[in-house]
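Read the structure below first, then the notes.
The values are calculated or read from the model by the stated rules, or taken from the named source; none is laboratory data. Here the structure is a predicted model, which means the values were calculated and not measured. Glycine also receives a Cβ, built like all others from the backbone with ideal geometry; neighbour counts cover every protein chain displayed.
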Amino acid sequence: MIMFWSKLFIVLLQTGIYGWLWYGHYKDMMPVKYWERGNWAIIALYGIFIIVFSRAFGALKVGYLKTWDIMYSQMLTIICVNGVTYLQLELINGDWKLFENSEPMFLLCAVDFIIVLCWALFMRWIYAIIYPPHEMLLIYGNISPDAIISKLESRKDKYHVKEKMPLSAGMDNILERILQYDAVLVGDIPVQDRNVFIKYCFEKDIRCYGIPKISDIMIRNSESIDLFDSPLLLFRNNGLTYRQMFVKRAMDIVISFVGIILASPFMLIIALAIKLYDHGPVFYKQKRQTMGGREFDILKFRSMIVDSEQHGARLAKEHDDRITPVGKVIRRLHFDELPQLFNILKGDMAFVGPRPERKEITEEYTKEIPEFPFRLKVKAGLTGYAQVYGQYNTVPYDKLKLDLTYITNYSIWLDIKLIILTVKILFQKEKSEGVDDEQKTALKKEG
């Protein structure tokens, strides 16, 4: 309740400040005088914008995200909300004298940012008092737990793995140890053993975290059917429906067409920079796979030296000397992928979908992960669930889980949310980091 009221408070406070600005400045500039309820509607709409963009960017997820992630999300929220609001004011006013009366809106952005900075720091302190890090018992099987432990250690404010026990320690010993902790993390272990621990934690009211398997992700969005007194779960397993594909394709055409127009100045500058650097080709074409395994020529700005794959295809490394100075900049901003807007307009790709992989890399991943081709039930995408919530060097098994989460939970609203979140990740370094220097693909050997 404390967290709920704190979120409501910051939304109402920002809305109230805008209300003060509306009554004190913009209201008298409008060509038509509003009834009082009209003024309230304008102010309430601002509050709705805050809620929508805050939810999309995760700007109110105190405790769930790191403090600086919250601040970054809040900054994007403030820019988007005030930008959309100012455009709304210009549309209402009708004279389109852009920036002539923008000073109060810039001041509003500055005030909002100071307020949310103080709010985020204060609420993070409160959250740490209410929810100290969980003392956790980690149960693991044949797969080393080092990878998940390293991720948990990056959030020491939330998780603390105090003890880890292998499944070989024996069921009775593990159940006895579970009672000593307030949280348990069940690793990638056989289903029959995992079920015992989950049911035991449920019985004892102990918080339980689990690493989902591929089948778990499919089950999570199944359709529930009651067959008299027997519940059933329906798995359609057919990807997107025809109606969903039609709406998604229509949205792709509109977004890619508008995107090409808006990005054309940037694309011209990038093309000129690449050409002037080494006089090589501006674009880079490569065979990639999309829905059903069909291959197409993906189009990207060339970010590496000419003939960078003369010794064979491989993913970019963390310290890859093949990447040019221009390439480092455009890869960092993901601008090397702008030409894929033409792939989307053509129909080879969607704006949102799994990352398109080369056929040989897909085949190599499939040797280790037989379910990897499941992600080809939909078109490959410029951005997507795995691109937003994962990283460039995320291991294929985790990328597959993220892609299947998108496929099994698909909705047009999810696409819109992922498009908005793509703006958030453009300047996050970890989203464009290459694989380790000794790797050719994203596959990693478990220790």
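Looking at region 41-63 only, could you name the residues that are more than 19 Å from Asn82 (Cβ to Cβ) and modelled with pLDDT of 85 or more?
Lys61, the sole residue that qualifies.
Return yes or no: is Lys379 in contact with a helix residue (DSSP H, G or I) (Cβ under 8 Å, 6 or more places away or on another chain), part of a loop (DSSP other than H, G, I, E, B) and modelled with pLDDT of 90 or more?
Yes: the conditions hold for Lys379.
If you scan region 136-192, which residues turn out to be closer than 22 Å to Val62 by Cα, under 24 Å from the mean Cα position of the chain (by Cα) and assigned to a loop (DSSP other than H, G, I, E, B)?
Ser154, Arg155, Lys156, Asp157, Lys158
Would you point out the residue of region 249-299, among those that are β-branched (Val, Ile, Thr), surrounded by fewer than 16 Cβ atoms within 10 Å (Cβ to Cβ) and in contact with a Leu (Cβ under 9 Å, 6 or more places away or on another chain), that is farthest from Leu376 (Cα to Cα)?
Val282
Given the residues Tyr72, Tyr127, Tyr159, Tyr140, which is the only one that is hydroxyl-bearing (Ser, Thr, Tyr), crowded, with 17+ Cβ neighbours inside 10 Å and touching a His at 6+ places or on another chain (Cβ under 9 Å)?
Within the list Tyr72, Tyr127, Tyr159, Tyr140, the selection yields Tyr159.
Within region 209-248, track down each residue that is at pLDDT below 90, within 30 Å of the chain's Cα centre (by Cα), exposed (fewer than 12 other Cβ atoms within 10 Å of the Cβ) and among the aromatic types (Phe, Trp, Tyr).
Answer for region 209-248, where residues must be at pLDDT below 90, within 30 Å of the chain's Cα centre (by Cα), exposed (fewer than 12 other Cβ atoms within 10 Å of the Cβ) and among the aromatic types (Phe, Trp, Tyr): just Tyr242.
Pairs, please: C-beta under 9 Å, at least 6 apart or cross-chain, first residue part of a strand (DSSP E or B) and in region 209-231, second of a type in the set (D, E, K, R)?
Gly210/Arg194; Gly210/Asp216; Glu223/Arg236
Which condition does Arg288 not pass, out of (1) assigned to a helix (DSSP H, G or I); (2) outside the structural domain of Ser168 (by TED's automatic domain parsing); (3) in contact with a Lys or Arg (Cβ under 9 Å, 6 or more places away or on another chain), if it passes all the others?
(1)
Counting just the residues of region 189-208 that are in contact (Cβ under 8 Å) with a residue 24 or more places away in the chain and among the aromatic types (Phe, Trp, Tyr), which one comes out surrounded by the fewest Cβ atoms within 10 Å (Cβ to Cβ)?
Tyr200
Among residues belonging to region 349-376 that are assigned to a loop (DSSP other than H, G, I, E, B) and of a type outside the set (Asp, Glu), point out the one that is farthest from Asp69 (Cα to Cα).
Pro370
Table: residues versus (1) of a type in the set (Phe, Trp, Tyr); (2) over 24 Å from Leu400 (Cβ atoms); (3) in contact with a helix residue (DSSP H, G or I) (Cβ under 7 Å, 6 or more places away or on another chain).
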site	(1), (2), (3)
Pro133	no, yes, no
Ile143	no, no, no
Ser150	no, no, no
Glu153	no, yes, no
Asp157	no, yes, yes
Ser168	no, yes, no
Asp182	no, yes, no
Pro190	no, no, no
Met218	no, no, yes
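Being farther than 24 Å from Arg236 by Cβ, out of contact with any Pro (no Cβ under 6 Å at 6 or more places or on another chain) and among the aromatic types (Phe, Trp, Tyr) is the requirement here; does Phe342 meet it?
Criteria met by Phe342.
How many residues does region 337-365 contain that are polar (S, T, N, Q) and under 25 Å from Lys417 (Cβ atoms)?
2
Asp321 fails exactly one of the following numbered conditions: (1) surrounded by fewer than 22 Cβ atoms within 10 Å (Cβ to Cβ); (2) within 17 Å of Ile407 (Cβ to Cβ); (3) of a type outside the set (A, V, I, L, M). What is the number of that condition?
Just one mismatch for Asp321, condition (2).
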